[in-house]
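K.L.:
Below is one structure. I have some questions about it.
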Amino acid sequence: MHAPLPSVAVPAAIGELNWTHRLAALGPRFYTELPPAGLPDPHWVATSADCARLLGWPATGWQTPEALRVFSGNALWPGMRPLASVYSGHQFGVWAGQLGDGRALWLGELDTPQGPMELQLKGAGRTPYSRMGDGRAVLRSSIREFLASEAMAALGIPTTRALALTASTALPVRRETTETAAIVTRVAPSFLRFGHVEHFAHHGLHDELRELVQHLIEHHAPQCQAAPQPVVALLAQVATQTADLLAHWQAVGFCHGVMNTDNMSLLGLSIDYGPYGFLDGFDPGHVCNHSDTQGRYAFARQPQVAYWNLHALAQALLPLIPGDEEAAAALLREALQAYPDRFAQAMLLRMRAKLGLREARDGDGALVDDWLRLLAATRVDYSIAHRRLGEAQLPAGAEGLRDLFLDREALDAWLRRYRDRLAQEPEDPAQRRAAMHAVNPAVVLRNHLAETAIRQAEAGDFGEVQRLLDVLRRPFDAPERAADADFPPDWAQHIEVSCSS
């Protein structure tokens, strides 16, 4: 029996909070209710002003001692109701059985100017779904998740958010070495995953499956209710949202690292930042997760893996389609076709924008593909190449771009085709450069930037975490410190991130 946590006052800067518990209304078959296991003697590491504003809070003033207790798992605000949800899933393509929130606790849904937002503590101790784990998160991985959540949001990529990061040196956690315990407060319209649906389908719990999907449609996809087959319409919507998300990832050069079905959001959000990475040199075969020895989740494979995961979701939804099973399966396959069609369109749209092309013309796909082949041939830095392509719109600006390539003749041949294409939609070069810089980030969260912040934080200095957060909030602006947008240092080649990261 877990002892209840004390209730503490909400900071005056926030005012009254209105909590709802729509997920909890589904009943205890969907979760286990229990309090978090707090951090002893906690301290703030960082907070996100942007995420606070998303909730309708001020940027500052809410970080009181009472709030620190709440976001380190030692107290609750009135109306919070902590619980861990159950789900299952496929991990590295293999059915893994029951999983669930093994180190995350849902606190409830908060009314915000953006609609209901769920708050969740990650790293708040063992739950019935922790399996052999301790339910804790370490400072290293928590900094990575905190920064990535806010960096992706600033890039315009759908994502869960991070409000706060707390830690405690009084609670050592054993991983490869002894590390510092930490808790990230995560925010999202919903943390429901493909794995939630798979769990009830796999165990033949069709009544519960129906309740869960009805909850999802009612609260997160109400437009599907009027469709002839609401469940089929829901799958098509999830497929479309997932296609848009993957186009975002591929266009910006983001590698998730662990695209298991339990790490796939039913709302098309980036979720569960573990061994992720942004590309340095462009390598379609890049594997950012040191644990992924087979390369299942290599960068270029991500779109196809998402499609595979959608098929697993469709299989889980099959019991909810009335009538003949073969006809039902055909309906779901048709809904899944929304994914490849939408992904191809969304990807080409984003790559056109990265190349400064506003209009759709025949041959654009080939031009984009050949550009990516050029980058891949000698692993040209992905982010820097696109920024310099923007600079190449101005007189003499192409020299900086040409410096990136060993085979300049191949680049020059491509540039001639590219300039011929630009001539088909004349625009002021400075305006085109500005438009390209607005979609090609100057700064992304490269591993070495995160690693530097982590090393300083582990030494007790959290200033670099906050500084880097401030830089990542403005990814398309030229950074004050040129090193943030520069090539990675040589030592960055030796950084390894794995599922424990």
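K.L.:
Need one number: convex hull volume per residue for the stretch 26-120, Cα atoms only, in Å³. Show your work: numbers first, answer last.
P.N.:
Numbers: hull volume 14.3 nm³, N = 95.
Roughly 150 Å³ of hull volume per residue.
K.L.:
Let me ask another. By how many degrees, between 0 and 90 and to the nearest 10, does the Cα long axis of helix 408-422 differ from the longest principal axis of the chain?
P.N.:
80 degrees
K.L.:
Follow-up question, since we're still on this one. Using only helices, what value at 222 nm comes out for the chain when you add -39,500 (n - 2.57) per DSSP H run of length 4 or more and divide by the total residues, to the nearest 500 deg cm²/dmol?
P.N.:
-12000 deg cm²/dmol
K.L.:
To continue, here is another question. Where does each of Ile495, Ile271 land when they are ranked from fewest to most other beta-carbon atoms within 10 angstrom?
P.N.:
Ile495, Ile271
K.L.:
Measure nothing but the geometry: give the 0 to 90° angle between the long axis through the Cα atoms of 447-458 and the longest principal axis through the Cα atoms of the chain, rounded to 10°.
P.N.:
On a 0 to 90 degree scale, this one is about 40.
K.L.:
By how many degrees, between 0 and 90 and to the nearest 10, does the Cα long axis of helix 230-252 differ from the longest principal axis of the chain?
P.N.:
Tilt relative to the chain: about 50 degrees.
K.L.:
If you keep only loop residues by DSSP, which trypsin sites (Lys or Arg not before Pro) in the stretch 368-429 have at most 16 other Cβ atoms within 10 Å of their Cβ? If you can, show how the numbers build up before the last one.
P.N.:
Working: sites: Arg373, Arg379, Arg387, Arg388, Arg402, Arg408, Arg416, Arg417, Arg419, Arg421; in loops: Arg379.
Those satisfying the criteria are Arg379.
K.L.:
What is the order of Met347, Met259, fewest Cβ neighbours within 10 Å to most?
P.N.:
Working: Met347 21, Met259 25.
By the 10 Å Cβ count, ascending, the order reads Met347, Met259.
K.L.:
I would also like to ask the following. Taking the Cα atoms of the chain alone, what are Rg (to one decimal) and Dmax (as a whole number) in Å?
P.N.:
Taking only Cα atoms of the chain, I get Rg and Dmax of 23.3, 72 Å.
K.L.:
Arrange the following residues from fewest to most other Cβ atoms within 10 Å of their Cβ: His43, His494, His286, His386.
P.N.:
Ranking His43, His494, His286, His386 by Cβ neighbours within 10 Å, fewest first, gives His494, His43, His286, His386.
K.L.:
Excluding the sites themselves, what is the longest stretch of the chain that contains no GluC sites (Glu not before Pro) in a DSSP loop with at most 16 other C-beta atoms within 10 Å?
P.N.:
The segment 177-358 is the longest one with no such site.
K.L.:
Please go through the stretch 268-377 and write out the chymotrypsin sites (Phe, Trp or Tyr not before Pro) that DSSP classes as loop and that have at most 13 other C-beta atoms within 10 Å. Mind showing how you got there, number by number?
P.N.:
Details: sites: Tyr273, Tyr276, Phe278, Phe282, Tyr297, Phe299, Tyr307, Trp308, Phe343, Trp371; in loops: Tyr273, Tyr276, Phe282, Tyr297.
Passing sites in the stretch 268-377 do not exist.
Every read-out reported here was derived from the displayed coordinates using simple, explicitly stated rules and does not represent laboratory data. Small disclaimer: the values here were computed from a predicted structure and weren't measured. With ideal geometry, Cβ positions are generated from the backbone for all residues, glycine too; neighbour counts draw on all protein chains shown.
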